[in-house]
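This report concerns only the one structure given below.
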Amino acid sequence: MSSYPDVRLRRFRRTGALRGLVRETRLDLGSFVMPLFVAPEALPNEALPGMARLTVEGAVREVDELVRLGVQAVILFGIPEEKDEQASGAWEDDGIVQQALRALRPRYPELVLVTDVCLCEYTSHGHCGVVVEGEVANDASLEVLARAAVSHAEAGADVVAPSDMMDGRVGAVRESLDDHGFESTPILAYAAKYASAFYGPFREAAGSTPAFGDRRGYQMDPANVREALRECELDVEEGADAIMIKPALPYLDVIRAAREAFDVPVGAYNVSGEYAMVKAAARAGWLDERQAALESLTAIKRAGADLILSYWTKDLAGWLAGS
């Protein structure tokens, strides 16, 4: 094989234009989804602006700006005015996400509206399923999750994304959607969602910290990757149209393994803790936020993610446009 001095790999690194010409991984705004938190009352978040709570009217204003910037997809999380043990706010016709969908759908017909289908934001105990005798009851939760997914589709959701990690929930959601005439509504399954320390800022923004115990009984052990592939396989068999790994950066190996094992689109969630760490370090002057964010997002894309949920999506729109 040829080597130095005939081979000089620095030749294509000499200028920005040359580097761009041979870049292997490129960020495309069409691959990104912006999370939005919708609630009865606004709650600004100056430290983490991507995680502010918006009213329905505020969400419309925010989406106005996102669409103007070129963002093509958002995912909605709801924080109801009242919570109960049965998570009724998740499926009620006038639930907060349903209200937001009905406000956004006619105004932005081309915008992809994804909804998070989970119960943690709506339950008084903060768990992702119905609690029976002190335990999260898997099978009893499926009916509620499926009912929520159908209510989102009826209100205008393009994609439903079950994130609860109950066994069998993709099949339950698929069956219920089909029974209600939503055969064409795709399911983006949080297939491998780990019990992670990186969810802290999200739980504060969504008000979904468990009132007792933790979620390790249903979210995945961070040590396991073969189990993640089993989860992905089961979700695909049950009818998932796309699968997602969450979090992203600590699990790049899982993203890569899923990409190599399955032909469906693979998503990754660049979660709140990943976002918050870079924000905090940037505020302290320890790193450049834009450079660190772009490097992080490129790594997720390079690992094999086809689509990325990220709180940097709005900023990315400006960065890619050169502003």
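Remarks
- Remark: His152 falls outside the filter, which requires a residue to be part of a loop (DSSP other than H, G, I, E, B) and in contact with a strand residue (DSSP E or B) (Cβ under 8 Å, 6 or more places away or on another chain).
- Ala103 vs. criteria under 20 Å from Pro162 (Cα atoms) and either open to solvent by less than 70 Å² (accessible area, probe 1.4 Å) or at pLDDT 95 or above (or both): no
- Index of the failed condition, Ala90 passing every other in (1) within 21 Å of Ala189 (Cβ to Cβ); (2) free of Cβ contacts under 8 Å to residues at least 40 places away in the same chain; (3) not basic (Lys, Arg): (2)
- Taking residues in the stretch 98-124 that are touching a residue at least 24 places away in the same chain (Cβ under 8 Å) and basic (Lys, Arg), and partners anywhere that are part of a loop (DSSP other than H, G, I, E, B) and open to solvent by less than 20 Å² (accessible area, probe 1.4 Å), the pairs with Cβ atoms closer than 7 Å and at least 6 places apart or on different chains are Arg102/Gly156; Arg105/Gly156.
- Applying the condition of being more than 19 Å from Val114 (Cβ to Cβ) and in contact (Cβ under 8 Å) with a residue 24 or more places away in the chain to the stretch 303-323 and asking which residue is surrounded by the fewest Cβ atoms within 10 Å (Cβ to Cβ) yields Ala321.
- Scope the stretch 164-194; condition open to solvent by 40 Å² or more (accessible area, probe 1.4 Å) and charged (D, E, K, R); matching residues: Asp167, Glu175, Asp178, Asp179, Glu183
- Residue-level analysis places Pro250 outside the set of residues that are out of contact with any Ser or Thr (no Cβ under 6 Å at 6 or more places or on another chain), closer than 25 Å to Glu295 by Cα and assigned to a loop (DSSP other than H, G, I, E, B).
- Members of the stretch 114-128 that are crowded, with 23+ Cβ neighbours inside 10 Å and touching a Lys or Arg at 6+ places or on another chain (Cβ under 9 Å): Val117, Cys120, Glu121, Tyr122, Thr123, His127, Cys128
- Selection of the stretch 53-73 for residues being open to solvent by less than 20 Å² (accessible area, probe 1.4 Å) and under 15 Å from Ala205 (Cβ atoms) yields Gly58, Ala59.
- Test: residue in the stretch 26-48 that is touching a Lys or Arg at 6+ places or on another chain (Cβ under 7 Å), open to solvent by less than 50 Å² (accessible area, probe 1.4 Å) and at pLDDT below 95: yes
- Complete set of residues in the stretch 294-313 that are out of contact with any strand residue (DSSP E or B) (no Cβ under 6 Å at 6 or more places or on another chain) and assigned to a helix (DSSP H, G or I): Leu294, Glu295, Ser296, Leu297, Thr298, Ala299, Lys301, Arg302, Ala303
- Flag if Leu234 is of a type in the set (A, V, I, L, M, F, W, C), open to solvent by 50 Å² or more (accessible area, probe 1.4 Å), in a helix (DSSP H, G or I) and closer than 28 Å to Ala146 by Cβ: yes
- Scanning the stretch 283-293 for residues that are part of a helix (DSSP H, G or I) and among the aliphatic types (A, V, I, L, M) yields Ala292, Ala293.
- Residue count, the stretch 129-158 (criterion: buried (at least 24 other Cβ atoms within 10 Å of the Cβ), under 28 Å from Asp64 (Cα atoms) and among the hydrophobic types (A, V, I, L, M, F, W, C)): 3
- Only one of Ile243, Ile300, Ile255 that is within 21 Å of Cys128 (Cβ to Cβ), in contact (Cβ under 8 Å) with a residue 24 or more places away in the chain and surrounded by 15 or more Cβ atoms within 10 Å (Cβ to Cβ): Ile243
The values are calculated or read from the model by the stated rules, or taken from the named source; none is laboratory data. Source: prediction; values computed, not measured. Glycine also receives a Cβ, built like all others from the backbone with ideal geometry; neighbour counts cover every protein chain displayed. Just so you know, the surface numbers come from the protein's heavy atoms only, side chains and all, with ligands and any DNA or RNA stripped out. Shrake-Rupley method; radii C 1.70, N 1.55, O 1.52, S 1.80 Å.
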